[in-house]
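Enquirer: Okay, handing you the structure first.
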Amino acid sequence: MALFGTDGVRGVAGDFLTADLALKLGRAATLASPAEHPQVLIVRDTRESGEMLGAALAAGIAAGGGHALLGGVLPTPGASVLVRRYGFDMAVVVSASHNPYRDNGIKFFGAEGMKVSDEQEAEIERRLEEPSARIGRLRELHGAGNDYLRELELRFRELDLRGLRVLLDCANGATHRVAPEIFRRLGADVDAIAVEPDGRNINEGVGSTNIDALRELLDGQDVAFAFDGDGDRVLALDRAGQVVDGDELMALAALHLRAGGRLAGDGVAVTVMTNYGFHRAMEEAGIEVATTEVGDRYVLAELVRRGWTLGGEQSGHIIDTGFVPSGDGIAAALLALEALGGADLSERHAMDKLPQRLVNVKVRDRTALDGAETVWAAVERASESLSGRGRVLVRPSGTEPLVRVMVEAPGEEECEEIASRLANLVQTELG
């Protein structure tokens, strides 16, 4: 079984993801590096298992002859920023993103600040049991958080947030210090919740995957942002409590960057989950849209292939390679405010979002969807009925025995009816 999934190695800490496995991964990644004594930055989120896994990774890196640099708690994009700033050979992030605290993960970034390729992951896996008689070193990298803040401050130095009341939900995760601080440095009046991590409360009823809870705490603020546990995604609420998802934040950013002549290639890369309304808005603006499979790594690969700079996912992974080649929730929030130019988020007009319905259907074998002719015939008929008005997407989950049925249509009732009909058919044929 392959260790690496769509976002590194992930599993229950101490069960699947053990200190022994972390040590082997650290050693193998170091041996796979072309550098003789690679310098490897290690950062983590706030899970209680992070220190253990980070220490094991550092031991493995040293056992492979590398130099491990312990950066402490830092958002995932911070690793991407700092590996380039300091010229390190690699960075490793210990985090399971928006998952519960019991889970953890290990993901590797190359010297250019991007997640390593599938081929590089396969090479690390191949070397997992390779012995090494080399000895490296390890030390703490003090001030990593401040260095990341300085890079954010430099990028958004023209953004004046004085007079803006902001509510931040830091998910008791990696953004709990740096997010409130950068908003304050830029002049905002900041209220912050979920900034008291205890190792087990990361993402617990808070963060971007629980944004409805944040709505209850809005009390006169102009805007609210919710980050996930490792800080690589963000969702927003306007002053009326309406959710502003990744599609809308990307639309704001795309139109803003295009107007300023800063949207490379006049294009944006998104995934198949991106709302049809986004595509219509970009078409009207003359902005090309490229579509990839689900996963921010695929979005980034498309951006690199085309020489574009902006892309992301509906879930709030927004990548602006002009700043960092990784999803960055804090930078995305600031970019949205920059795009608004002092206007209120509740008055945004970047796109008209179509009603969307997503149904996850449990199936015996998700791979059987390929040969389900009855299902595909029904999908084709539904797609034809929505031609030019909406769309249908049916796909298997990449990790679970599920088939995902998504429908977008101009009206809620039509959207619900088509989604329910197709979900029932998938259940009958494959459940």
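The values are calculated or read from the model by the stated rules, or taken from the named source; none is laboratory data. None of the values given here were measured: they were computed from a predicted structure. Note: ideal-geometry Cβ built from the backbone for every residue, glycine included; neighbour counts use all protein chains shown. What goes into the accessible areas is simple: the full protein's heavy atoms, side chains included, and nothing from ligands, DNA or RNA. Shrake-Rupley method; radii C 1.70, N 1.55, O 1.52, S 1.80 Å.
Enquirer: Hey, could you check the range 113-122 for residues that are surrounded by fewer than 16 Cβ atoms within 10 Å (Cβ to Cβ) and among the acidic types (Asp, Glu) and say which is modelled with the highest pLDDT?
Expert: This residue is Glu119.
Enquirer: Picking from Asp212, Asp230, Asp247, which residue would you name as being buried (at least 24 other Cβ atoms within 10 Å of the Cβ) and in a helix (DSSP H, G or I)?
Expert: Every option except Asp247 fails the conditions.
Enquirer: Under 7 Å between Cβ atoms, at least 6 apart or on separate chains: pull out the pairs that start in the range 175-197 with a residue that is in a helix (DSSP H, G or I) and end on any residue that is not aliphatic (A, V, I, L, M).
Expert: These pairs meet every condition: Val178/Pro75; Val178/Gly145; Val178/Tyr148; Ala179/Cys170; Ala179/Phe227; Ile182/Glu153; Arg185/Glu153.
Enquirer: Only residues in the range 408-431 that are within 27 Å of Asp247 (Cβ to Cβ) count as the first member; pair them with residues that are outside any helix (DSSP H, G or I) and acidic (Asp, Glu), Cβ under 9 angstrom, at least 6 apart or cross-chain, and list the lot.
Expert: Partner pairs satisfying both residue conditions: Cys415/Glu408.
Enquirer: Same structure, new question: Assess whether Arg280 counts as being farther than 29 Å from Val405 by Cβ and either in a helix (DSSP H, G or I) or open to solvent by 10 Å² or more (accessible area, probe 1.4 Å) (or both).
Expert: no
Enquirer: Residue check, Gly322 against (1) crowded, with 18+ Cβ neighbours inside 10 Å; (2) part of a loop (DSSP other than H, G, I, E, B); (3) of a type outside the set (Lys, Arg), all met but one. Which one?
Expert: Going through the list (1) crowded, with 18+ Cβ neighbours inside 10 Å; (2) part of a loop (DSSP other than H, G, I, E, B); (3) of a type outside the set (Lys, Arg), Gly322 breaks only (1).
Enquirer: Just give me the residues in the range 283-313 being of a type in the set (Asp, Glu), assigned to a loop (DSSP other than H, G, I, E, B) and either over 23 Å from Glu338 (Cα atoms) or more than 19 Å from the chain's Cα centre (by Cα) (or both), in sequence order.
Expert: Correct list: Glu293 only.
Enquirer: Filter the range 10-52 down to the residues that are part of a loop (DSSP other than H, G, I, E, B), open to solvent by 50 Å² or more (accessible area, probe 1.4 Å) and within 28 Å of Asp147 (Cβ to Cβ) and list them by number. Walk me through it before giving the result.
Expert: Narrowing the range 10-52 to residues part of a loop (DSSP other than H, G, I, E, B): 14-16, 18, 33-38, 45-49.
Those left that are additionally open to solvent by 50 Å² or more (accessible area, probe 1.4 Å): 14-16, 34, 36-37, 48.
Pro34, Glu36, His37, Glu48, listed by residue number.
Enquirer: Does Asn104 count as at positive phi and open to solvent by less than 40 Å² (accessible area, probe 1.4 Å)?
Expert: No.
Enquirer: To continue, here is another question. Which condition does His142 not pass, out of (1) over 30 Å from Pro180 (Cα atoms); (2) free of Cβ contacts under 8 Å to residues at least 24 places away in the same chain; (3) over 19 Å from the mean Cα position of the chain (by Cα), if it passes all the others?
Expert: Only one criterion is unmet by His142, namely (1).
Enquirer: Can you tell me which of (1) at positive phi; (2) at pLDDT 95 or above is the one Ile318 doesn't meet?
Expert: (1)
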